[in-house]
Every structure is written in C-alpha cells, then in structure tokens.
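The values are calculated or read from the model by the stated rules, or taken from the named source; none is laboratory data. Model, not experiment: these values are computed from the prediction. Cβ coordinates were reconstructed from backbone atoms using ideal geometry, including for glycine residues, and neighbour counts include every protein chain displayed. For the accessible areas, the whole protein counts, side chains as well, though only heavy atoms, and no ligand, DNA or RNA atoms are used. Shrake-Rupley method; radii C 1.70, N 1.55, O 1.52, S 1.80 Å.
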Amino acid sequence: MSSKADGATDKTTHFGYQTVNVEEKAERVADVFHSVASKYDLMNDLMSGGVHRIWKKFTIELSGVRAGNRVLDIAGGTGDLTAKFSRIVGEQGQVVLADINDSMLKVGRDKLIDHGIAGNVQFTQADAQYLPFPDNYFDCITIAFGLRNVTDKDLALASMFRVLKPGGRLLVLEFSKPKNTLLKKAYDAYSFTMLPLMGKLITNDADSYRYLAESIRMHPDQETLKGMMKTAGFSEAKYYNMTGGVVALHKGIKA
Ligand SMILES: C[S@@+](CC[C@H](N)C(=O)[O-])C[C@H]1O[C@@H](n2cnc3c(N)ncnc32)[C@H](O)[C@@H]1O
C-alpha cells in the first residue's frame, strides 16, 4: 500500500463488481444506505417475501441472550434485532444499536421510539472496523447483513473479538452461496432482474439494489467466512444454512 500526499492510499477493494479505492468504497456504501434508508424496511419485506423475519428470529434463538446481558447490534440499521434483544435483556440489560450510517440509525431510532422500545437501547454511530467500546464488554454481538458492506472484514472481526467478553458469542447473519445448481440459477435470475426493478419502482434507485446483488456474489462463501472467524480468534466457529444457503448464520465464541 502506498501513501499519497493527501493521505489517500492506492489500496483497492471491490464495490460490487467494480474495483475501487478503499476510501471510495466507504463513500459509495454510505451513499447506498443514505439513499435506501427511508424505504429499507419495506424493501426488505418485499424482496424476501417477509422471510428475513424468520432468518432474524433464528439469529435471536441462537444468540443465547438472557435478561441482564449487554448486546451490540453492529451495522444494526433500522433495528430489527435490537428491538427483539431489548425485550429479552430487560431493564437490567443494555443493547447498543450501532451503525456507520446516520440515515439508517435515525430511521432505526425513530422506529424503536415509536414502538416504545428505546429505554435500554443506546444508539451509537460507529464503524465495525474500529469499535469504540472497551475490551471484554459485550455478552453477544450480532452483525446482520452488514459484514458484506465492510471494507476490511478481518479488521472488523478482530474488533468484534476484542470487545466481546470471554464466553461471549458473535453471530454473523449474511447472504451466502446456495449449493443447489437449480436454486442458484433461479436466485441469480431473481437478484439481477427483480431487485434492481423493485429498487427502481419503490426507491427510484436501481443502482443500490444492483450493488446488493453484486455484493452478495463478492462476499466470502460459508467455509471461507468460517475460516476468517477462526483466524480472528473465535472458537467453535460453525454455520447454519437457511433457505438452501441463500443466507447463512455463522456463530463463534470468544473462549
Ligand atoms: C443491509 S443493512 C442491515 C441492517 C440490519 N442489520 C438488518 O439486518 O436489517 C447494512 C447496514 O450496514 C451498515 N454498515 C455498512 N458498513 C458499515 C461499517 N463499516 N460499520 C458499521 N455499519 C456499517 C450500513 O450503514 C447499513 O445500515
């Protein structure tokens, strides 16, 4: 990596199928979520036919979170997981809804307050790569459909490992790679035609949903992500395929 006089670097990464400078990636991801924030929940329900709720329910079940726990929902966006954790941890517990994007965070905060949920929830603007929390702080961390968008995923996994308590769990819910060839073909056809079309009709933004389809294909597959979690220090790393591997839930423990 070489440095330029203005502090920028020549290091590149991918934004969907495009190769971009690392600084540009963060800006382009930010543009996507500023653009989609107000219609994010509606689009999630439409694109998945509501099935994202089942994926998230399974994540909550596997988290083992109990009353009194301290939970971080990083890249938490509009707060679906945070809302559920808030009820489980109760008055003695705490949930931090953190996201790098202030538009997503604002939609999430307004939604939770409207649902009377904000009492034990703290809202924090933070980058998953550089978490602003003490070592050994959380009982559980979730990152749902967020890791795919992070520039340096290894850095983010190491940061999450640092702020988890010993015995704490990380759950990574993310799009992954279906194994069945027929399902893969149908899923590809759906992703590259229907998602941009729905994006255009509902948010007047086809590009953000084209990025969604491309970023899913560029994300590490199930085994690769499991290996990355082990490298970051997580033990008992394992994953559960859902909807034929369209989505996978990875779980790791900080021993
Ligand atoms: C697809 S949304 C997921 C929101 C929510 N977790 C859910 O499952 O509905 C991805 C979120 O990741 C956030 N994000 C992207 N890069 C991030 C980073 N480096 N650190 C923290 N959040 C990030 C985005 O702002 C966006 O809110």
message: Could you work out the pair-distance distribution P(r) of region 156-211 from its alpha-carbon pairs, with 5 angstrom bin width and percents rounded to whole numbers?
response: 4, 15, 14, 13, 12, 11, 13, 12, 4, 0
task: Run through all the Cα pairs of region 1-130 and give the fraction in each 5 Å bin from 0, expressed as whole percent.
output: 2, 10, 16, 18, 19, 13, 9, 6, 5, 2, 0
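With charges only on Cβ, +1 for K and R and -1 for D and E, what is the dipole size of the chain about its Cα centre, in debye, rounded to 20?
Rounded to the nearest 20 debye, it is 900 debye.
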- prompt: So, by mean Cβ neighbours within 10 angstrom, what's the order for 48-56, 123-131 with the highest one leading?
  reply: 123-131, 48-56
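Tell me, what is the percent relative contact order of the chain, built from C-alpha pairs under 8 Å that lie six or more residues apart? Spell out each step's value before the answer.
Numbers: 480 pairs, mean separation 46.1, N = 255.
Normalised by residue count, the contact order of the chain is 18 percent.
Could you order His14, His115 so the one with the most accessible surface comes first? Probe is 1.4 Å. Could you put the intermediate results ahead of the total?
On the way: His14 55, His115 125 Å².
Descending accessible area places them as His115, His14.
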- prompt: Got a sec? Charge dipole of the chain, +1 on Cβ for Lys and Arg, -1 for Asp and Glu; which of Leu171, Ser35, Gln18 is way out at the positive end?
  reply: Leu171
task: Leaving ligands, DNA and RNA out of it, work out the accessible area of Tyr190 with a 1.4 Å probe and give it in Å² to the nearest 10.
output: 80
- line: Surpassing 21 Å at the alpha-carbon level, of the pairs Lys165/Lys251; Lys111/Lys153; Lys179/Lys238; Lys153/Lys230; Lys57/Lys251; Lys84/Lys111, are Lys111/Lys153
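Please work out the Cα convex hull volume for the chain and give it in Å³ per residue.
Values: hull volume 31.8 nm³, N = 255.
Hull volume over Cα atoms, normalised by residue count, gives 125 Å³.
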- prompt: If the cut-off is 18 Å between C-alpha atoms, which lysines fall inside it for Lys185, apart from same-chain ones fewer than 8 positions away?
  reply: Lys177
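Please compute, over every Cα-Cα pair in region 112-255, the percentage with a separation greater than 24 angstrom.
Details: 4289 of 10296 pairs.
Result: 42 percent of Cα pairs exceed 24 Å.
State to the nearest 20 debye the size of the charge dipole of region 1-108 about its Cα centre, where the only charges are +1 on K and R beta carbons and -1 on D and E beta carbons. The partial results should precede the final answer.
Working: 13 positive and 14 negative charges, 91 e Å.
Around 440 debye, computed over region 1-108.
Rank-order 38-45, 136-143, 205-212, 88-95 by packing density, defined as the average count of other C-beta atoms within 10 Å over each peptide's residues, highest first. Each step should come with its number before you reach the end.
Working: 38-45: 15.9, 136-143: 23.0, 205-212: 19.6, 88-95: 17.6.
Taking the mean over residues of other Cβ atoms within 10 Å, the ranking is 136-143, 205-212, 88-95, 38-45.
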task: Please name which of Gln94, Val51, Ser63 has its Cα lying farthest along the dipole of region 50-95 towards the positive end, using unit charges on Cβ (Lys, Arg +1; Asp, Glu -1) and the Cα centre as origin.
output: Val51
- request: Give the accessible area for Ser215 in Å² (nearest 10); use a 1.4 Å probe, count only protein heavy atoms, and leave out ligands, DNA and RNA.
  value: 10
